[in-house]
1. Looking at F147, F142, F216 in this structure, which one is closer than 24 Å to I271 by Cβ and over 15 Å from the mean Cα position of the chain (by Cα)?
2. Of the residues E171, E120, only one is under 19 Å from the mean Cα position of the chain (by Cα), over 20 Å from A280 (Cβ atoms) and exposed (fewer than 15 other Cβ atoms within 10 Å of the Cβ); which?
3. Inspect the range 275-285 for any residue being of a type outside the set (D, E, K, R), over 14 Å from the mean Cα position of the chain (by Cα), in a helix (DSSP H, G or I) and farther than 18 Å from M159 by Cα and give the result as yes or no.
4. With the range 300-404 as the region, which strands (runs of 3 or more DSSP E) entirely inside it contain at least 2 residues that are under 23 Å from V426 (Cα atoms) and assigned by TED's automatic domain parsing to the domain that holds G290?
5. Quick one: is D203 surrounded by 15 or more Cβ atoms within 10 Å (Cβ to Cβ), more than 23 Å from L323 (Cα to Cα) and not aromatic (F, W, Y)?
6. With respect to A293, determine if the residue is assigned to a strand (DSSP E or B) and surrounded by 16 or more Cβ atoms within 10 Å (Cβ to Cβ).
7. Among the residues of the range 278-322, count how many are in contact with a Pro (Cβ under 7 Å, 6 or more places away or on another chain) and more than 30 Å from F247 (Cα to Cα).
8. If you go through the range 262-274 one residue at a time, do you hit one that is more than 22 Å from D203 (Cα to Cα) and among the charged types (D, E, K, R)?
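The values are calculated or read from the model by the stated rules, or taken from the named source; none is laboratory data. Not measured: the values here are computed from a predicted model. Neighbour counts run over all protein chains shown; Cβ positions are idealised from the backbone, glycine included.
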Amino acid sequence: MFEDAESDDVSVGRDAPGAPHRVQLYVDAKSDDVSVGRGILDAPLYNVFIIAPAWLYICFFWRGFGMNDVYCKNWDRVRERFSAWWAHEPIGTPLLRVAAAGKPTTNDVPARDLAFDSLEEQYTDAVKITARYRNYCETHWFLEDAFPAANLNLGPGSMALYLGSEPIFAEDTLWYKECIEDWDTFGGIAYNPDNRWWRLHYDMIKTAKALARDDFLVTIPDIIENLDIVSALRGPQNLCFDLMDRFETVRRAVGAVDDLYFRYYDAIYDIVKEQDGSSAYTAFNIWGNGRTAKVQCDFNALISPEHFRELALPSLRKQCRRLDNSIFHLDGPDAIKHVPALMEIDELNGLQWTCGAGQPDGACERWYPIYDQVREAGKSLWISVADGGPEDWVKGAIRLIKRYGPDCLYILFNDFDGLREAEAAVEAVKAASV
């Protein structure tokens, strides 16, 4: 990354495979304009009028045929296996997210050049975020069903920002300030095309997509939906009281969020989708043909199954009907009581289980009753196995395979320290799947 001392432009360049010269591309931080590096002005006219426009078209307008094999060598196979997982079809071995550090490279950018200058920049500087992710790709191997995809999240629930909340930036997450003090004086939940955070987030994703240049995907961010967004705007404690005092007001607010979700989702999807319409969804490491998303209602930990069925279930069902691929993010022991209702959503493809702080990982037998319900409903499972070290991860994965079989199962490991131990883990899981 190179900075022009005379402007706010940021130059991002990488030697094109097989090319003798570096191509520098400039993204103006104050606009959507993209220009070829100034050094090209000294090149022959052929370069200016032929080569430069061609590079601009390739890097910023032409979607090509999808992600290339710079970092993911078996992308066609990964796509086929994800498609089968969504459809609950047999694939012989579980989907496995396996990545390993230690890949030798000379193309990474020194970390000091990509350091964030503030907490806000940590979340909003799309150029640095994307460059840091490219560094990750340069120094890691993607094995089995792992694939490279950059995440640009403004916290878990960025729709709250689009609708009037302000962010509270922290090292490990982003919080949202309550902005509905009184339902009677609040102006209502409505789309604002000029909202500062919506415009910023939209432009961030456009920038990242251009800089990825088909070397890696850019994911749909964690927009979030239904009661979780209303809770962020109103505050969880206030919303609990509202369920007793102003139930219909809450119902209408959830309906308003429902009506806006796809206005934001579709705008972002149109940026990040591949030529065939496929897409990936943020940190949950999922890809699918068409519109793909994780759906959730973390507020469900605070409400009864009856309230969940009245307020959240219709919203989730409506959302899943418009998505081509969906998994529900079930977060923590207090949410388990809602699994029977969730399994009634025919359009929901699977369930992602987050065990909660201080709880054992997804391989623990304590969680089997959840998985049993999911399997009985004919849906797929997403399970993170992260306790202990690599040997423990493999043992946990094998226990899951022995109980549930290898199909309709997606197991995610933490990054391995080296290629050899990652490959050994893959072989052990494959052997257990036979």
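1. Values: F147 fails: over 15 Å from the mean Cα position of the chain (by Cα); F216 fails: over 15 Å from the mean Cα position of the chain (by Cα).
Only one candidate qualifies: F142.
2. Numbers: E120 fails: under 19 Å from the mean Cα position of the chain (by Cα).
Checking each option against the conditions leaves just E171.
3. The initial filter retains those residues of the range 275-285 that are of a type outside the set (D, E, K, R), namely 275, 277-285.
With over 14 Å from the mean Cα position of the chain (by Cα) added as a condition, the list becomes 275, 277.
Checking which are in a helix (DSSP H, G or I) leaves us with none.
Taking every residue of the range 275-285 in turn, none turns out to be of a type outside the set (D, E, K, R), over 14 Å from the mean Cα position of the chain (by Cα), in a helix (DSSP H, G or I) and farther than 18 Å from M159 by Cα.
4. Working: elements: 325-331, 350-354, 380-385.
Correct list: 350-354, 380-385.
5. On the way: surrounded by 15 or more Cβ atoms within 10 Å (Cβ to Cβ): yes; more than 23 Å from L323 (Cα to Cα): yes; not aromatic (F, W, Y): yes.
Criteria met by D203.
6. Details: assigned to a strand (DSSP E or B): yes; surrounded by 16 or more Cβ atoms within 10 Å (Cβ to Cβ): yes.
Yes: the conditions hold for A293.
7. The number of residues fulfilling the criteria is 1.
8. Here is the first cut: in the range 262-274, the ones more than 22 Å from D203 (Cα to Cα) are none.
No, the range 262-274 has no match at all.
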